Amino acid sequence: MSSFKNVLYFQTGLGVLANIVLLFFYIFIILGHRPKPTDLISCQLSFVHIMVVLIGGDILLADIFESLNIGNDFKCKTTFYLFRVMRGLSICITCLLSVFQAVTISPNNSVWAKFKQKLRKYMTHVFLCIWFFNFSFSTNQIFYVGGFTNVSETNQMQVTKSCSLLPMNYIIRGLIFTISISRDVFLVGVMLTTSVYMVIFLFRHQRQCKHLHSFSHLRESPEKRATQTIMLLVSFFVVLYWMDFIISFTSEMLRMYDPVILTLQKFMMYAYPTVTPLVQISSDNRIIIMLKNIQSKHHHSFS
């Protein structure tokens with residue numbers, strides 16, 4: 001168990017470091033150059049993933065609350081609420097990234113073409129709606145999460161060492177669960193739909209380009225590389241999401257959270273925020289060139 005926790009700590013550190021590098025890169029691009037619309041989306045995704053890892057790992061808020069001597073009940077409500085908000089933002093922004101890439105690569109005579117300019121024009125409005133929706137959607141965490149006292153006396157379900165889910169009406173619990181799963185199934189369905197569309201488009205595009213260009217030229221296409229990266233991230237997210245959902249649903253139905261299961265669930269929750277920046281860094285030539293330039297300048301300064 002201790003060795004597994006060490007792996008979890010290493011994963012957390014790697015995820016935070018990789019996302020910070022990616023976040024600073026996108027801020028640099030947005031402020032100093034002409035950013036692509038996907039840069040704005042990826043910048044927010046990096047920030048959200050930093051918060052997911054820090055809040056979910058009880059790293060950021062634990063020290064803040066301890067220094068301010070804030071009660072355990074408030075700590076639990078705040079932590080669970082912000083974590084749910086960031087988790088919701090992660091799935092929404094990933095979905096937006098997938099949709100935007102599908103719209104970007106679509107030909108001018110396709111159904112998606114009419115959304116190209118509209119999506120670019122109203123990007124800020126879309127961001128505001130996504131953030132407002134998730135901050136509003138997760139307010140139930142404030143009322144049904146609290147500091148852990150005694151399970152046998154209060155019928156609480158302990159989910160961490162110091163936090164628990166408070167008893168709630170079966171109708172309310174079923175309503176919250178139905179709304180939550182409906183949102184997630186809809187967004188995952190959109191991701192899968194856009195991914196299938198991109199796969200079909202790339203396959204057709206490759207067949208057409210074989211008559212005009214060499215295969216190596218097609219392989220180096222930035223659009224194709226970006227599309228493959230997003231499809232990989234979406235596929236990875238969907239697999240991890242359903243694994244996490246099965247564990248969460250089973251634990252809540254049984255009203256029991258085993259410490260080993262909870263640690264395994266955290267490992268899966270942190271996997272996507274950790275892998276995403278590593279995949280993006282390795283697939284974006286601009287980041288690779290920037291890192292090589294920094295390394296070259298660092299080497300020359302010491303020489």
Inset, instruction - For PHE132, PHE127, PHE245, give the ranking by accessible area with the largest first, probe 1.4 Å. - result: PHE132, PHE245, PHE127
Legend entry - ³J(HN,Hα) computed for each position of segment 287-292 - Karplus, 6.51 cos²θ - 1.76 cosθ + 1.60, integer Hz, glycine/proline x: 5, 4, 5, 4, 5, 5
Legend entry - Which of LEU40, LEU31 is most accessible, then next, and so on - probe 1.4 Å: LEU31, LEU40
Inset, instruction - Could you pull out every residue, at least 5 positions away or on a different chain, whose amide H is within less than 5 Å of the one on VAL145? Hs are placed 1.01 Å off N in the peptide plane, and Pro or chain starts have none. - result: LEU166
Legend entry - Interchain or long-range residues, amide H under 5 Å from CYS163's placed H: PHE148
Legend entry - J(HN,Hα) series, segment 90-103, from Karplus relation 6.51 cos²θ - 1.76 cosθ + 1.60, nearest Hz, glycine and proline x: 4, 6, 5, 6, 4, 4, 4, 4, 5, 5, 5, 5, 5, 5
Inset, instruction - Please arrange ASP244, ASP73 by accessible surface area, largest first, computed with a 1.4 Å probe and ligands excluded. - result: ASP73, ASP244
Legend entry - Violating pairs (Cα-Cα greater than 24 angstrom) within the set LYS36/LYS224; LYS116/LYS292; LYS36/LYS118; LYS36/LYS292; LYS224/LYS266; LYS36/LYS297: LYS116/LYS292; LYS224/LYS266; LYS36/LYS297
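The values are calculated or read from the model by the stated rules, or taken from the named source; none is laboratory data. Given the structure is predicted, the values throughout are model-derived calculations rather than measurements. For the accessible areas, the whole protein counts, side chains as well, though only heavy atoms, and no ligand, DNA or RNA atoms are used. Shrake-Rupley method; radii C 1.70, N 1.55, O 1.52, S 1.80 Å.
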